[in-house]
1. Would a scan of segment 375-390 turn up a residue that is of a type in the set (Gly, Ala, Ser) and open to solvent by 10 Å² or more (accessible area, probe 1.4 Å)?
2. Check segment 211-232 and report whether any residue there is open to solvent by 10 Å² or more (accessible area, probe 1.4 Å), among the hydroxyl-bearing types (Ser, Thr, Tyr) and over 26 Å from Ser122 (Cα atoms).
3. Taking segment 143-160 on its own, how many of its residues are without any contact (Cβ under 8 Å) to a residue 60 or more places away in the chain and either of a type in the set (Asp, Glu) or touching a strand residue (DSSP E or B) at 6+ places or on another chain (Cβ under 7 Å) (or both)?
4. Which of the residues belonging to segment 111-134 are more than 25 Å from Thr96 (Cα to Cα) and open to solvent by less than 30 Å² (accessible area, probe 1.4 Å)?
5. Exactly one of (1) in contact (Cβ under 8 Å) with a residue 60 or more places away in the chain; (2) within 21 Å of the chain's Cα centre (by Cα); (3) surrounded by fewer than 17 Cβ atoms within 10 Å (Cβ to Cβ) is unmet by Ser100. Its number?
6. If I go through segment 276-314 residue by residue, how many of them are under 21 Å from Tyr233 (Cβ atoms), open to solvent by 40 Å² or more (accessible area, probe 1.4 Å) and not in a helix (DSSP H, G or I)?
7. Please verify whether segment 211-222 includes one or more residues that are over 14 Å from the mean Cα position of the chain (by Cα) and either among the hydroxyl-bearing types (Ser, Thr, Tyr) or assigned to a loop (DSSP other than H, G, I, E, B) (or both).
8. If the Cβ limit is 6 Å and pairs must be 6+ apart or interchain, which residue in segment 166-195 that is under 22 Å from Gln134 (Cα atoms) pairs with which residue that is assigned to a loop (DSSP other than H, G, I, E, B)?
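The values are calculated or read from the model by the stated rules, or taken from the named source; none is laboratory data. Note that this is a predicted model, so its numbers are computed, not measured. Neighbour counts run over all protein chains shown; Cβ positions are idealised from the backbone, glycine included. For accessibility, only protein heavy atoms count, side chains too; no ligands or nucleic acids. Shrake-Rupley method; radii C 1.70, N 1.55, O 1.52, S 1.80 Å.
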Amino acid sequence: MKLLSEKATCNSHGQDSSYFLGWQEYEKNPYDEIQNPKGIIQMGLAENQLSFDLLESWLAQNPDAAGFKRNGESIFRELALFQDYHGLPAFKNAMTKFMSEIRGNKVSFDSNKLVLTAGATSANETLMFCLANQGDAFLLPTPYYPGFDRDLKWRTGAEIVPIHCSSSNGFRITESALEEAYLDAKKRNLKVKGVLVTNPSNPLGTTLTRNELELLLTFIDEKGIHLISDEIYSGTVFNSPGFVSVMEVLIEKNYMKTDVWERVHIVYSLSKDLGLPGFRIGAIYSNDEMVVSAATKMSSFGLVSSQTQYLLSCMLSDKKFTKKYISENQKRLKKRHAMLVKGLKNAGINCLESNAGLFCWVDMRHLLSSNNFDAEMDLWKKIVYDVGLNISPGSSCHCTEPGWFRACFANMSEDTLNLAMRRMKDFVESTAPNAINHQNQQQSYANSKKKSFSKWVFRLSFNDRQRER
């Protein structure tokens with residue numbers, strides 16, 4: 001151990017998060033309809049498997065692209081030889097046009113401002129290296145994707161300061177929450193370099209409103225900091241309101257001739273919208289020439305293969321295909337989302353109203369034995385081990401309210417999702433009476449006490465919640 005670096009021996013990767021631990025338990029006992037019908041169903045993986053038939057159909061109809069040919073002639077040698085880190089121009093052009101198409105062609109993107117990376121994970125980390133020094137902080141609204149603790153912090157040494165959002169307003173970003181997070185960072189002697197948001201949100205499955213985007217732009221303008229908008233789920237919006245990119249609001253509010261224009265950066269990927277996480281296609285889009293230059297150089301450590309770029313440049317350049325894919329994929333997501341919401345509702349469980357993403361933000365607060373995160377972890381363990389569903393607890397997403405969970409719906413068949421819902425319904429029906437009796441006992445006990453004692457209990461509970469933060 002003494003011969004290894006501090007980076008190799010430190011425990012800041014986040015692998016011990018319940019988010020990743022759930023995956024490990026699934027891998028030990030994965031559900032299979034034939035081989036392991038009582039195994040754990042993976043509902044912790046935000047993967048889009050609903051439209052693979054459309055991709056496979058395109059490949060079958062375009063054998064030249066899949067066979068690395070151009071006009072019937074092999075270009076294997078051309079693709080196999082050295083390529084610099086700027087990426088294939090044809091792919092970057094196709095990628096920026098696809099990004100515009102996803103956004104209803106309300107904004108256009110310049111391929112010269114696009115940097116290719118090995119997935120969004122690499123894109124977000126590269127932006128951290130470009131925008132922050134070790135010990136600098138980024139503000140993130142809660143709940144947020146658990147992987148950010150790894151992606152943004154582990155190798156860069158940057159810090160995350162939460163912007164605490166509440167279920168009372170649907171976890172929307174407010175001016176007071178932004179200011180509170182900024183002051184919290186200052187009290188900790190952290191230099192705030194920016195705000196990072198996911199739009200649509202992971203794990204909420206909601207899109208940011210124009211008001212929220214305008215609020216964020218005003219905030220970073222006043223503070224002189226950056227904004228990173230992670231828009232990797234932009235093509236998964238299946239219900240109104242529609243998706244609004246931060247780039248659209250930048251233009252509408254005439255920020256083009258201000259320095260804010262250069263302090264807003266977009267992360268994109270084909271992992272979610274096109275369902276190709278294994279292809280490792282990510283991108284950074286920035287109006288800052290220095291960021292583009294530095295990020296391009298850093299991309300040497302995580303390039304996208306030339307073969308992958310060629311194949312997808314052909315696919316994304318087929319506008320008839322992309323139009324059909326975007327429309328049909330959103331229809332399928334809407335249907336599958338409705339299945340999950342209905343199945344959970346039949347089990348007496350509600351979800352946050354959402355319009356995007358590959359998951360729902362599920363409210364199981366009524367199933368907790370008590371209102372704390374220990375009770376949330378107890379419930380999560382029962383769902384993983386007894387029910388056989390791997391879902392992600394809200395605490396892994398840094399939610400400040402115990403009892404919320406993220407459940408994914410697009411990485412399995414309809415039959416598997418129906419089975420998961422039956423399992424959940426059976427579990428709730430077997431445990432709900434106990435939970436209700438427990439709550440009634442607590443209420444009866446509290447009502448029998450004096451008013452002063454009730455105030456003391458409230459203060460104690462409040463202090464516990466503050467410590468959780």
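1. Among the residues of segment 375-390, not one is of a type in the set (Gly, Ala, Ser) and open to solvent by 10 Å² or more (accessible area, probe 1.4 Å), which makes the answer no.
2. The answer is yes, given that some residue of segment 211-232 is open to solvent by 10 Å² or more (accessible area, probe 1.4 Å), among the hydroxyl-bearing types (Ser, Thr, Tyr) and over 26 Å from Ser122 (Cα atoms).
3. 6
4. Once the filter is applied, which keeps residues that are more than 25 Å from Thr96 (Cα to Cα) and open to solvent by less than 30 Å² (accessible area, probe 1.4 Å), segment 111-134 yields only Ala132.
5. Result: Ser100 passes all but (1).
6. Residues in segment 276-314 being under 21 Å from Tyr233 (Cβ atoms), open to solvent by 40 Å² or more (accessible area, probe 1.4 Å) and not in a helix (DSSP H, G or I): 1 in total.
7. Scanning segment 211-222, I find at least one residue that is over 14 Å from the mean Cα position of the chain (by Cα) and either among the hydroxyl-bearing types (Ser, Thr, Tyr) or assigned to a loop (DSSP other than H, G, I, E, B) (or both), so the answer is yes.
8. Within 6 Å, the pairs are Lys191/Asp136; Val192/Ile225; Lys193/Ala132; Lys193/Asp136; Lys193/Ile225; Gly194/Ile225.
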